[in-house]
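Engineer: One structure, pasted below without further comment.
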Amino acid sequence: QLQLVESGGGLVQAGGSLRLSCTASGRTFSSYAMGWFRQAPGKEREFVAAISKSGGSTYYADSLKGRVTISRDNAKNTVDLQMDNLKAEDTAVYSCAASPFYSSLGLFRPEYWGQGTQVTVSS
């Protein structure tokens, strides 16, 4: 089992920034690619960003490119999501996920999920 715990969510004004963090425990963190997803009220969960096991490769949802940056620290078992220029439509529960599979062409199959952290952007 890999346990994932997110932190860093909260209330922010439109145009502001927020940095989410996900801390893993239980298994070898570097054996998993990591990703972030979000789910807004009444909507389906959508992919945000993913990063390879080594951190050398990333890919992003087209709608969020340029506003979000994913990074990881395998020594600290953490994966972060930096979000800038936030908009009201970014309001959602953000969850991190771990996948044994990854490719920069979009292969990411979550095996473990965190509980999520709420991000609310006020306009």
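Engineer: Somewhere in region 61-75, is a residue over 26 Å from Gln13 (Cβ atoms), more than 14 Å from the chain's Cα centre (by Cα) and among the basic types (Lys, Arg)?
Structural biologist: no
Engineer: Is it true that Gly55 is small (Gly, Ala, Ser), in a loop (DSSP other than H, G, I, E, B), open to solvent by less than 50 Å² (accessible area, probe 1.4 Å) and without any contact (Cβ under 8 Å) to a residue 60 or more places away in the chain?
Structural biologist: yes
Engineer: Something else about it: So which of Arg27, Arg19, Arg38, Arg45 is within 21 Å of Phe108 (Cα to Cα), in contact (Cβ under 8 Å) with a residue 24 or more places away in the chain and in contact with an Asp or Glu (Cβ under 7 Å, 6 or more places away or on another chain)?
Structural biologist: Arg38
Engineer: Also, quick follow-up: Within region 90-123, can you find the residues that are modelled with pLDDT under 95, farther than 20 Å from Cys22 by Cα and either open to solvent by 40 Å² or more (accessible area, probe 1.4 Å) or among the aromatic types (Phe, Trp, Tyr) (or both)?
Structural biologist: Scanning region 90-123 gives Ser104, Leu105, Leu107, Ser123.
Engineer: I'm checking my understanding of the structure. Among residues of region 17-52 that are open to solvent by 60 Å² or more (accessible area, probe 1.4 Å) and not in a loop (DSSP other than H, G, I, E, B), which one is nearest to Tyr94 (Cα to Cα)?
Structural biologist: Gln39
The values are calculated or read from the model by the stated rules, or taken from the named source; none is laboratory data. This one's a predicted model, so the numbers in the text were calculated from it and none came from an experiment. Every residue, glycine as well, gets a Cβ built from its backbone with ideal geometry; the counts of neighbours run over all protein chains shown. We work out accessible area using only protein heavy atoms, side chains counted, and drop any ligands, DNA or RNA first. Shrake-Rupley method; radii C 1.70, N 1.55, O 1.52, S 1.80 Å.
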